[in-house]
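The values are calculated or read from the model by the stated rules, or taken from the named source; none is laboratory data. Here the structure is a predicted model, which is why all the values come from computation and not from measurement. Counting neighbours? That spans all protein chains shown, and the Cβs are built from the backbone with ideal geometry, glycine included. Only protein heavy atoms, including side chains, enter the accessible area calculation; ligands, DNA and RNA are left aside. Shrake-Rupley method; radii C 1.70, N 1.55, O 1.52, S 1.80 Å.
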Amino acid sequence: MLRLEKRPSPSRFWQGATPVLAVVLTMIAGGLMFAALGKNPFEAIRTIFWDPLFNAQFASYSRPQLLVKAGPLILIAIGLSLGFRAGIWNIGAEGQYIMGALFGAGVGLAFYPADHWFIFPLMVVAGAFGGWIWAMIPAVLKTKFNTNEILVSLLMVYIAQNFLSSMSLGLLRNPEGGGFPGSRNLSQYPAASNPELIAGTGLHWGVIAAFMAVIAAYILLQRHILGFHIKLAGQAPRAARYAGVNPTGLVVLCMGISGALAGLAGLFEVSGPAGQISIDFNVGYGFTAIIVAFLGRLNPIGILLAGLLMALTYIGGELAQFMLGLPAAAIQAFQGMLLFFLLAVDLLSNYRIRFATKKEAL
Amino acid sequence: MFGGIDPALLISALMVASVPIILAAIGELVVERAGVLNLGVEGMMIMGAVCGFIVSVQSGSAVLGFVGGALGGAAMALIFGVLTQFLLANQVASGLALTLFGLGLSSLMGQSFVGIRPPATGAVPFGPLADIPFFGRVLFSHDWVVYLSIASVAATWWMLKATRTGLILRAVGESHDAAHALGYKVRRIRMLAILFGGAMAGLGGAYISMVRVPQWTDGITSGAGWIALAIVVFAAWRPWRALVGAYLFGGISVLQLNLQAAGARIPVEYLSMSPYLITILVLVIMSSGKGKAALNAPASLGQNFHASR
């Protein structure tokens, strides 16, 4: 009989090793899934994880995509991780991402076709504001009315999606677009575009913002009293209250930061890689970022690595779709599986597994 | 504005529209009464939707489809149960994982079933009863799942209130340590509750893909699982109030669809977001003030149980 024994404090070794173990297990289970779909599992895994980076034929296109895809994932996940650490569950990042993009693109399009240096910075501010205000709704409802922030933030995603389709069919529609839904293409409007900064790297302002967020979050959590409060509130809420941590302030702060970062991610995406507001310009980064945050163990450096890995599965997934005819949904299921395995093997860092004798088990 | 809408038709339509939410909410209500917070309702529903759809199309039988839907939902719940009850994973995160995984897997499974019509689920023949004006339309014109959903509310209410099983279930949800000390198998009871919740969510999902829509498209449940979760809070963990909440929600979604069809002057997108807005509003009202819903929440809700001895 197996018995679990709680460790006095989480094992440092397993904390680092569990994400790697989870990835390996996901590759095995994913391989089985690909085999069930009638594909060669080894070829599929190689196409997803190896070819985008090292295959001479594809790497020149795929490598820059790594940063393009990882940027928004990291940016959103850093924000989410702060809340998750404090036990504040903002799972509506997808909605905040959409609103950030709408606010930012709205500001940019309002100036069209003027050319001023301040247009793009203003859009960045508007994007962060859009995400922030969307996250403030669940935050204020939580602090004022004790409403569950998980449900409200998630329901706000559906509202944001309807708002997005209304905007791309109405107010923000390209007047010269021949009646097609979707806004003007921001990447063709230099004052409002977020171009690739160094050719062939995929580096754009969103990626720089993501790196800055990683550094800022690292300093906040390691060196600042606020980071200590966040960690304390998550691990020992009562102790936190005795220590004078204001729970209301923490909810507003964590939700606000995660909303603003998600909004920024949306703005950088819509003005750069996506180019325009359209009904379905969002591709679920807000939800995948939840996986990234957990895969990175809610640690800024971990999130950086996890974001790059997750970006790889997106790119590799597209490649596998193209090369092997692997359905796009298979990658989504694959990413979901990763979170399952991660949660499952997390047991190893908090508990010791012992073989109990019958007498002990009683 | 409402001139063209027949009240009998509206009521019977809202009864049909709220079936998936009732089923999923009743399942989740039992799970939460046992002290487990499963946020994966959306994932279980959509897996139920796709499994039910596939089984019914392949077998040609709607009843078998619903069985398949329930099994699909329960299979997802099993993953959640193993993660949270045996591997002691965080319940919030595991529920989210269930939803993310379910959305991906369902669209993978449903790919070759897009554009097919499932076998019809006919109305229960009540004979002359169905011809009674108004009441015939409202009460005696539905398929069997509508009656099943109402029966499940009654059965759950009775089970929780009047049976020993209900008492044990509530004891486990209020204080798992005390229930454990009394010799109840906390893990086993919770696993059964989780599986029941999954089967009910799967049934609700199958109703969406087989009756409500009826066809398969990606993301077909469009947040119904999250609304079911909100209904449980609205209901303050009481079955009959869940029915009221689901009918309220069903009424709003039917009304907004009718307004869309009638060409109301409100843009379609704003009508489509109204059910979500109303759900949030209701959550706010229920969570604040005198009728604080949180006071009724099972005391051990969302806490993992680990028997140290």
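For residue A:297, what charge total do you get from the other residues with a beta carbon under 14 Å from its beta carbon, if Lys and Arg give +1 and Asp and Glu give -1? Counting the neighbours of residue A:297, the net charge comes to +2. Its Kirkwood hydrodynamic radius, worked out from the mean inverse distance over all distinct Cα pairs, puts the protein assembly as shown at 26.0 Å.
For peptide A:324-333, the mean count of partner chain Cβ atoms within 10 Å of a residue's Cβ comes to 5. For residue B:244 and residue B:178, the difference between the fully extended length at 0.36 nm per residue and the C-alpha to C-alpha distance is 20.5 nm.
For residue A:352, the residues 5 or more places off, or on other chains, whose built amide H falls under 5 Å of its own are A:5, A:6, A:7. Taking the charge dipole of chain B about its Cα centre, with +1 at Lys and Arg Cβ atoms and -1 at Asp and Glu Cβ atoms, the residue from B:278, B:59, B:197 reaching farthest to the positive side is B:197. Classified by the C-alpha gyration tensor, region A:67-117 has a prolate form. Its axis ratio a/c, with a ≥ b ≥ c, is 1.5 or above, and a/b is larger than b/c.
Helices in chain B, meaning DSSP H runs of at least 4 residues, each add -39500 (n - 2.57). Divided by all residues, the mean residue ellipticity at 222 nm is -21500 deg cm²/dmol. Computed about the Cα centre, the dipole magnitude for chain B is approximately 840 debye when only Lys and Arg (+1) and Asp and Glu (-1) carry charge, each at its Cβ.
The chymotrypsin sites (Phe, Trp or Tyr not before Pro) found in region A:1-108 that occupy coil by DSSP, while having at most 15 further C-beta atoms within 10 Å, are A:50. Computed from backbone phi with θ = phi - 60° and the Karplus coefficients 6.51, -1.76 and 1.60, the 3J(HN,Hα) list for region A:76-83 is 5, 5, 4, x, 4, 4, 4, x Hz; x is used for glycine and proline. GNM on chain A, C-alpha springs below 10 Å: top fluctuator among A:47, A:18, A:248? Judging by the Gaussian network model, the answer is A:248.
Can you bin region A:1-128 into rounded, prolate or oblate? Criterion: square roots of the alpha carbon gyration tensor eigenvalues sorted a ≥ b ≥ c, rounded for a/c under 1.5, prolate for a/b above b/c, oblate for the rest. Judged from the Cα gyration tensor, region A:1-128 comes out oblate (a/c at least 1.5, b/c at or above a/b). In this Cβ point-charge picture (+1 for Lys and Arg, -1 for Asp and Glu), chain A has a dipole of about 1660 debye about its Cα centre. When both region A:135-211 and region B:213-241 are represented by their alpha-carbon centers, they are found 26 Å apart. Assign one of three labels to region A:223-362, namely rounded, prolate or oblate, based on the Cα gyration tensor with a ≥ b ≥ c the square roots of its eigenvalues; rounded applies when a/c is under 1.5, prolate when it is not and a/b is larger than b/c, and oblate otherwise. Cα axes put region A:223-362 in the oblate bin. Of A:63, B:238, A:223, the residue with the largest accessible area leads and the full order is A:223, A:63, B:238 (1.4 Å probe).
Under a GNM of chain A (C-alpha, springs under 10 Å), which listed residue has the highest mean-square fluctuation: A:71, A:79, A:325? Of the options given, A:325 has the highest mean-square fluctuation. Considering only B:214, B:132, B:106, and ranking their Cα positions along the charge dipole of region B:103-240 that arises from unit charges at the beta-carbon of Lys, Arg, Asp and Glu, the one farthest toward the positive end is B:106. On the beta carbon distance between residue A:54 and residue A:20, with R0 = 25 Å, the FRET formula returns roughly 0.80.
Taking all protein chains as shown and a probe of 1.4 angstrom, residue B:268 keeps an accessible surface of around 80 Å². Here the calculated FRET efficiency for residue A:353 and residue A:283, from their Cβ-Cβ distance with R0 = 35 Å, stands at 0.35, rounded to the nearest 0.05. Of the residues A:68, A:234, A:304, the one whose Cα sits farthest toward the positive end of the charge dipole of chain A, with +1 on the Cβ of Lys and Arg and -1 on the Cβ of Asp and Glu, is A:234. Under a model in which nothing but the beta-carbon of Lys, Arg (+1) and Asp, Glu (-1) is charged, region A:230-362 shows a dipole of about 920 debye around its Cα centre. Excluding same-chain neighbours fewer than eight residues apart, the aspartates and glutamates reachable from residue A:69 by a Cα-Cα span under 20 Å are A:51, A:94, A:196, A:269, A:280, A:318. Converting phi to 3J(HN,Hα) with the Karplus coefficients 6.51, -1.76 and 1.60 and the offset θ = phi - 60°, region B:108-119 yields 5, 6, x, 3, 8, 10, 6, x, 9, 9, x, x Hz in sequence order, with x at every glycine or proline. Springs between Cα atoms under 10 Å define the GNM used for chain B, and in it the highest mean-square fluctuation of B:189, B:22, B:231 occurs at B:189.
In order along region B:124-137, phi translates into HN-Hα couplings of 5, x, 9, x, x, 4, 5, 8, 4, x, 6, 5, x, 5 Hz, rounded to whole numbers, per the Karplus curve 6.51 cos²θ - 1.76 cosθ + 1.60 with θ = phi - 60° and x for Gly and Pro. Charge tally around residue A:232: other residues with Cβ under 14 Å, Lys/Arg +1 each, Asp/Glu -1 each, net +4.
Note: relative contact order over chain A, using C-alpha pairs below 8 Å and six or more positions apart, is 35 percent. With a Förster radius of 35 Å applied to the beta-carbon distance between residue B:126 and residue B:167, the computed FRET efficiency rounds to 0.45.
With a Cα-only, solvent-free Debye model of region A:75-303, what are the log10 I(q)/I(0) values at q = 0.09, 0.11 Å⁻¹? The calculated log intensity ratios at q = 0.09, 0.11 Å⁻¹ are -0.37, -0.54.
Taking all pairs of distinct Cα atoms, average 1/r, flip it, and tell me the Kirkwood hydrodynamic radius of region B:38-174 in Å to one decimal place. After inverting the mean inverse Cα-Cα distance, the result is 17.5 Å.
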